[in-house]
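Everything on this sheet refers to the single structure shown next.
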Amino acid sequence: MKIYLGCDLFIEGQRLQAKKVQNALEERFKDKIDLYNPADNLEINDKAAGFASTYQILLADYERLKKSDLLIGLMDTKDLGLAAEMGIAFERNIPIFQLYTDIRLTGNDRDDKLLEMKKDIFQNDFLYINKLVTGLSYADRDGNIFEKPRIYKSSDDLIHALIEYIEMNL
């Protein structure tokens, strides 16, 4: 199974989060998966080594993405490149699993938060996430709604869901 691990590769926290997911899957499935993490493609992403043009980056990543069976989107930084990759994956009917770990996603069961927000929307304690982008994990391009959305608030939950999905599809 070919997996594309998309993330913002410029921020240390995102790189570490991506490595956690990558290592967990590679440890579990070994040579049964071929996981592409763009951060590992030093030909285009070693910024200290030299210049890679926009089209070199686009074409290198697209070559891997179009052959993928699954896309993982680590969306905490709302990276525009990853959003574009997710759009490509959706159009190609590649399943998309998303991760948002922002703590503002918690507390949605708290009436005090909801009451204050109803009084004054600027007291919004919650994180806004673009619904078109999150929708990519709720339905496929043919309009089939998933019984369980493929969007998660913790990397452990994401990894667990990915393991289940990969085991069912190997």
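What to note about this one:
- Scanning the chain for chymotrypsin sites (Phe, Trp or Tyr not before Pro) lying in DSSP loops with no more than 16 further Cβ atoms inside 10 Å, the longest uninterrupted stretch between such sites is 52-125.
- Percent accessible area from carbon and sulfur atoms, the chain, protein chains only, probe 1.4 Å: 53
- Of the trypsin sites (Lys or Arg not before Pro) found in the stretch 97-170, the ones in coil according to DSSP and having at most 12 other Cβ atoms within 10 Å of their Cβ are R110, R141.
- Calculated from backbone phi, Karplus (6.51, -1.76, 1.60) coupling profile of the stretch 122-135 in Hz, x at Gly/Pro: 6, 8, 5, 9, 10, 8, 8, 10, 4, 6, 5, 5, 5, x
- Long-range HN-HN contacts of A139 with modeled amide H, under 5 Å: F146
- Remark on I3: its backbone amide H falls under 5 Å from those of D34, L35, Y36, D69, a criterion applied only to residues 5 or more positions apart or on other chains, H modelled at 1.01 Å from N.
- The stretch 112-170 and the stretch 1-60: distance between their alpha carbon centers, rounded to Å: 23
- Principal-axis tilt of helix 155-169 within the chain, Cα atoms, nearest 10 degrees: 60
- Taking every protein chain into account, the accessible area of the stretch 84-142 amounts to 66 square angstrom per residue (probe 1.4 Å).
- Computed on the chain, with alpha-carbon pairs under 8 angstrom and 6+ residues apart, the relative contact order is 23 percent.
- Å² per residue, accessible surface of the stretch 3-67 at 1.4 Å: 60
- Computed from Cα positions, the angle between helix 54-65 and the longest principal axis of the chain comes to roughly 90 degrees.
- Hz values of 3J(HN,Hα) by residue in the stretch 16-32 - Karplus curve (6.51, -1.76, 1.60), Gly and Pro given as x: 5, 4, 4, 5, 4, 5, 4, 4, 4, 6, 5, 5, 6, 10, 6, 7, 7
The values are calculated or read from the model by the stated rules, or taken from the named source; none is laboratory data. All values reported here derive from a predicted model rather than from experimental measurement. All Cβ positions, glycine included, derive from the backbone under ideal geometry; neighbour counts span all protein chains shown. These accessible areas exclude ligands, DNA and RNA; they are computed on the full protein's heavy atoms, side chains included. Shrake-Rupley method; radii C 1.70, N 1.55, O 1.52, S 1.80 Å.
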